[in-house]
Amino acid sequence: MRAESSAIEAGGIAVSGDTEPGSTATAPGSTSVAGAHRHRRGGTPAEAAHAPADGTTDAAPRKQGTGSATVGHGAEGTGRGSGARASGPSRADRRAGTLQAALGVTAFSLTFPATAWGLEGFGPWSLVAVRCVLAAVIAGGALLALRVPVPARRHLAGLAVVAAGVVVGFPLLTTLALQTSTTAHAAVVVGLLPLTTALFSALRTGARPSRMFWLAACTGAAAVIAFTVQQSGGALTGADAYLFCALLICAAGYTEGGRLARLMPGWQVIGWALVLCLPLSVPGALIALSYEPVHLTAHSVTGVLWVAAGSQFLGLVVWYRGMAAIGVPKASQLQLAQPLLTLVWSVLLLGERLTPAAPLTAAAVLVCIALTQRARG
């Protein structure tokens, strides 16, 4: 789900890098030099951004009087002496991070064409249920292999919101829409997701974006609505209703996922959300498969496997790793190309014909998203 990831950057939220390459950790019983500076200054904005929403902290109390340096993972290196400062990622790490983020965007841009392929052999309910089960099996295996601890009870409500919006709601609504809508049309409408997520994020955090932000957001929304009405012959269709509902529910899931990503690595957020859905997705798949006929073809099997493994999980893994290496702003710039990439795939893989309004509207939305990110600083 392309859409599965844009919220973090749209909300301006950095992913915790505790388990990502290029992150730093403090040895047990030691105090990092940067942490000592922050303690004397009363904290930094970045430190505040990663604090849990309830005002508590999961970090252990710092011991005073130690002189050990911060230990770096990967290419970060180590600080030396009491005045050492942790170095940033190397040029090679930044190149690798850019490549990983680009691979994530490419994976998300293929979600709609792969869904269209899957619908050739599966019904919409079967496709979504099977997709959720397969992705949960992959995610659960990764969590088990890496011995990731079960999230604290206080995070379960947030994970339920992520599961409802990102794991179930968005895939189901967009799949229902793609039964009667082209992937190009859906890509343009859903290209509005970063703006919708930014709005939900502002409401969730109580932030007050600038006038430029609201002007750009309203302009992008107006462009998409005008495109939708023009393509639908002057009236919204059932597919358009599904797509706009998908924007709202996915933005809510992304916003809550962004909050949780300050407390655990982002791939674990989506991983636990997928596992949390297993009690519903497994019986849902059995029921849907018993009612909807299945015709296995090369396209349908490839489509289901891609949306489950590529879009729902593996794409998110490389995306979060890349974003941790190069930062949210640079990664966000790469994701601006996602709607345009989907338009290209719709032509190459599905043989769809684009109207001139589709790429023009996608480009207009791209500019509006860039302006909102600039306005948010």
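The values are calculated or read from the model by the stated rules, or taken from the named source; none is laboratory data. Here the structure is a predicted model, which is why all the values come from computation and not from measurement. All Cβ positions, glycine included, derive from the backbone under ideal geometry; neighbour counts span all protein chains shown. SASA here: full protein model, heavy atoms, side chains in, ligands and nucleic acids out. Shrake-Rupley method; radii C 1.70, N 1.55, O 1.52, S 1.80 Å.
Quick notes on this one:
- For segment 168-275, the per residue solvent-accessible surface stands at 37 Å², with DNA, RNA and ligands left out and a 1.4 Å probe.
- Across segment 301-308, computed HN-Hα scalar couplings (Karplus, 6.51 cos²θ - 1.76 cosθ + 1.60, θ = phi - 60°) run 5, 4, x, 5, 4, 5, 5, 7 Hz from first to last residue, x flagging Gly and Pro.
- Taking 0.36 nm per residue of separation and subtracting the current Cα-Cα distance, fully stretching the chain between VAL367 and ALA222 would add 50.9 nm.
- Length released on extending from ARG353 to ARG204, taking residue separation times 0.36 nm less the Cα-Cα span: 49.7 nm
- With the simple model of a label 7 Å out from the Cα in the direction of the Cβ, THR98 to THR302 spans 3.0 nm.
- Linear extension gain, VAL294 paired with LEU144, 0.36 nm per residue minus alpha-carbon span: 50.8 nm
- Fraction of accessible area attributable to carbon and sulfur, segment 88-239 (%, probe 1.4 Å): 67 percent
- Amide hydrogen proximity for LEU236: with H placed 1.01 Å from N in the peptide plane, no residue at 5 or more positions away or on another chain lies under 5 Å.
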